[in-house]
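Beneath this line is the structure, given in structure tokens, with notes to follow.
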Amino acid sequence: MAPAVTERMELAKLCSSKDWSKAIRVLDSLLSKSCAIQDLCNRAYCYSQLELHKHVIKDCDKALQLDPKLLQAYILKGCAFSALGRKEEALSVWEQGYEHANHVMESSGLSVPTSGSVVSTKASEISYENGKSNGKIKPSSKSSKQLEAHDKLQNGSSLNVKGDEVSGSQSNKKHGSHSTKTNGMDKKLAGKSMLNDSSESMMDSSVVYGEPSDFSDICSESFSLSEIQNELMDEANRNKKFCVARISKNKSINVDFRLSRGIAQVNDGKYAYAISIFDKILEEEPDYPEALIGRGTAYAFQRELHAAIADFTKAIQSNPSAGEAWKRRAKLEQPWENLLRRLVVYWVHWQYLGLRELAIADLTKALEFEPNSADILHERGIVNFKFKDYNAAVEDLSACVEVDKDNKSAYTYLGLALSSLGEYKRAEEVHMKAIQIDQNFLEAWTHLTQFYQEMANSEKALQCIHEILNIDGRFAKAYHLRGLLLHGMGEHRNAIKELSVGLSIESSNIECLYLRASCYHAIGEFKEAVKDYDAALDLELDSMEKFVLQCLAFYQKEIALYTASKFNTEFSWFDLDGDIDPLFKEYWCKKLHPKNVCEKVYRQPPLRDSLRKGKLKKQEFSLTKQKAVLLHAADSIGKKIQYHCPGFLPNRRQYRMAGLAAIEIAQKVVKVWRSLQNEWKHSNKGALKHGKKVRRKEKLNPPSQNRGGAGCSTSSFLEPSISCSAVEDRSYGRPSMPWHSLYSLAVKWRQISEPCDPVVWVNKLSEEFNSGFGSHTPLILGQAKVVRYFPNFQRALNVAKAVIKDNKYVRDKNDNIINLNENGKLQEIMNAESCSDLYKAVGQDFWLATWCNSMAVEGKRLEGTRICLVKADQIGHDFAIRTPCTPSRWEDFEVEMTSAWEALCEAYCGENYGSTDFDVLENVRRAILRMTYYWYNFMPVSRGTAVVGFVVLLGLLLAANMEFTGSIPEGVQVDWEAILEPDPNSFLSSIKSWLCPSLKINTSWKGYPDVTSTLETTGLVVAALSTYSD
């Protein structure tokens, strides 16, 4: 067999298995021998499957230099421009192709088919978006009947593997393929559609010159026009003609014959010719519904959507019982973001809401004629799901699977909808049902993986990924999911391996690139991290979600460069809050476009500068006995931070971070207390023990403008800033560590442990601090229940009602008061059992502030968190807590935290100093929990408040010779216990009930190596967090 023939056979197999990278290598070889136009187009198509759109454009330009009339090159080039977001250039290219095709057709006396006739007919390519997943669905049961051997190639739209031939309609049954000799694709367009004329044409086995399908997606856009074409073609093959609700008014055999001819042309893909036939019929009888449906279908295939919808609408008006028209019009009126990527020539921006309402109305009307249609129920269920009406989706999809018990796609969407509604047990069962129907159903396996990952069941998630890769070892999304899971478990080095495999399959996958860069960054491999961040920044993207990752890549690269510059310096010099520009941090936290940052903010020196100055010398992390003892102790202590709640994965890296931070805090606090104790001994006898409390009614001096930063407070350690009228002075000096520095130790460890999280002190931002920038934590989004935080919803709702009852008002989005003390509104609010009930009672978007009682200033209430309820953009309500850190609020908590820290020092120092009597240390425990309570309500960092608070609690307990040996009870989130409790004493009682029984007196920790001197540099800290013995 000739080498060229062998190569082309190999090419056919590679394309059939969607191994585009290897196919490109074969085409490279063929093109090196002979620059065939068809091979250039074939390679361009393969590049499009890998989303290498610039390469697509380059190959198409070469092809057009050889043949300026090559329509398929215009189509591919336009699709590439469209994918890159360059819509005007795409439109220009397609119009050029249209003009060339039109010229050819006119010279032949024929009308030109629009470019829609060359669009891929792959079944069920959709894209799904919920925060959460993307992928590919197998063809539906209908379309799967149309699939045959991979060597059957579609006429004119298949990848040509013969070099000098393109596939055609003349069948060679002996070899099972179709081919016709021709000089080029443009000649095939003369009078013939680029869809196969043969009824044996295969839709999924050939490579098509249409809009590139996105094989990285896991769930597909179920209502893409390509699926409509599949379904209509399949229906036509079965029924031979479209739904005929009635015959012509004139009962003309000629009209019905022409109608049959038109439908046959649609089935054969000859849409322009079909339209001309239907035009003639409609000239004679303008309201003939079957002709309108037929022409509307042809328009739909040509992407002339306005015309298609107009015809279907007119058919409905002409004959309201034309259920087929209702169904097909509904298919076309999916949200425009789904259709836009599949347009070949023209597009229009439509309103999302109007489209949904119209599509739902049409499908509902169609159900009146076919009440038990599984097909329509399935379609309406998916429309509802995509618009986040999960309750309606569950209702429709449940009814669908009652009728069609083997509809695996319906089960998959039903599982997603149930999961969004918080019905996790049912969701798992439904996903498993889809897999029972088809063990090789990648979409179901993928969604089940993500379900387990969201539920923090890492073992089952990994099992599902294993099954996915057994089905398709080159399924790139599986490697991304495993990398994401391992990253979430703190296995950064293993995550890099998985993500690298995924990138070897899809080199331009920004999710894999960004995540791998973050992993390299975390383990101190800055050269590789910067390389991946740069690669992510160089990609030209086609969606807002990916663009956000690109923005984050910019910020993360700067943080990586900063960390590299500090790598060989003492860890104490690593100071994101002090060294990084406030504007940069604000944009980083908000994930905003970095344009302003680039123009106004000092950029970090390039990596080569750190290398040249010796700041990035690789430090060997030799695991000495001293380090081994320290790391073992840290791992044991750090495990105690784990929340045993859905959504919280165990993370060994965070365990080690927490343990090291807690030990360092304990070691530093003990030094502070020792200093205080020495001063106490030399002060007036009993001064600390019998000292009177400072009266708190005096006016407080404003705290330092640097409040909240590490070691920046100017307020006294044991004495809050008060006026000179204070009645008492301390008889011993101020300690060296204010409360800010204590918590900054934990904040810094949290920053270095996971650098892709923007953890910063809020008051170290600039103008946003004054406008109340703070944390935002949703419990409900529309109808979706946030898996981590929804368990706190009922308590939060009860707290909101209690605050409203007490205040008798809430505030609107402009902070104006909404008076609720009239028209029985308060009683209606007290009866509210859901977001919907509460919103209806208030009547508009609103927020209210909880409070927490001060222990520093008698009778004072501090503003706690804000509970917000707003109407969602589409369906349902968003229920969240938001904690703004305004200057006035910061001043209040500054006093409270200083007072709490003072109270703790008073409780431990003096006569109780060094005690190992558990009962004697009761006041110390209470003081530690008091400080923790106000920290959680304060929320002074952009994120990480929960773990930082508990790490400091562990460290303070350890400093007082008490070690927490238990675990946080299942279902308990300590920060939420504080946020939703206005009385600090109630919080103390609640936490002590499970904390104290697990506290053991322990002084052996004092023998641990000193953290600061053992892990002296930033590089050693990073190595300690990244090195494990197994």
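The values are calculated or read from the model by the stated rules, or taken from the named source; none is laboratory data. The model shown is predicted, which means the values in this text are computed figures rather than measured ones. A quick note on method: Cβ atoms are made from the backbone with ideal geometry, for glycine too, and the neighbour counts reach across all protein chains shown. When the accessible area is computed, the model is the full protein with side chains, heavy atoms only, and any ligands, DNA or RNA have been set aside. Shrake-Rupley method; radii C 1.70, N 1.55, O 1.52, S 1.80 Å.
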Can you work out the Karplus-derived ³J(HN,Hα) for every residue in the stretch 422-435? Use 6.51 cos²θ - 1.76 cosθ + 1.60 with θ = phi - 60°, whole Hz, and x for glycine or proline.
x, 8, 6, 5, 5, 4, 4, 4, 5, 4, 5, 5, 4, 6
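Ignoring any ligand, DNA or RNA, what whole percent of the accessible area of the stretch 453-550 comes from carbon and sulfur when the probe is 1.4 angstrom?
Reported share for carbon and sulfur atoms: 50 percent.
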Using packing as a proxy for protection, rank 802-812, 970-980 so that the peptide with the highest average count of other Cβ atoms within 10 Å comes first.
970-980, 802-812
For the pairs Lys22/Lys54; Lys87/Lys388; Lys527/Lys566, flag any whose C-alpha to C-alpha distance is greater than 21 Å.
Lys87/Lys388
Unit charges on C-beta of K, R, D, E only; dipole of the stretch 443-584, Debye
440
For the stretch 457-516, what does the accessible surface come to per residue with a 1.4 Å probe? Please give it in Å².
37
Ranked by accessible surface with a 1.4 Å probe, highest first, in what order do Tyr934, Tyr789 come?
Tyr789, Tyr934
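Take the alpha carbon gyration tensor of the stretch 376-534, find the square roots of its eigenvalues, order them as a ≥ b ≥ c, and report rounded if a/c is under 1.5; if not, report prolate when a/b exceeds b/c, else oblate.
prolate
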So for the stretch 859-901, taking the charge dipole from beta-carbon charges (+1 Lys/Arg, -1 Asp/Glu), which of Ala872, Thr898, Thr883 sits furthest toward the positive end?
Ala872
Taking the Cα centre of the stretch 764-887 as origin, work out the dipole magnitude from +1 charges on Lys and Arg Cβ and -1 charges on Asp and Glu Cβ, in debye rounded to 20.
280
In Hz, Karplus ³J(HN,Hα) per residue of the stretch 503-515 (6.51, -1.76, 1.60; θ = phi - 60°; x = Gly, Pro)
6, 5, 8, 10, 5, 9, 6, 5, 4, 5, 4, 5, 5
Between Val810 and residues 5 or more places away or on another chain, which pairs have amide H atoms under 5 Å apart, with H built 1.01 Å from N, and which residues are they?
Ile818, Leu820
Report, in debye and to the nearest 20, how large the dipole of the stretch 376-419 comes out about its Cα centre when Lys and Arg carry +1 and Asp and Glu carry -1 on their Cβ.
180
The ³J(HN,Hα) series, computed from each phi in the stretch 805-811 with the Karplus coefficients 6.51, -1.76 and 1.60 at θ = phi - 60°, rounded to the nearest Hz and given as x for glycine or proline, is 4, 6, 8, 6, 7, 9, 10
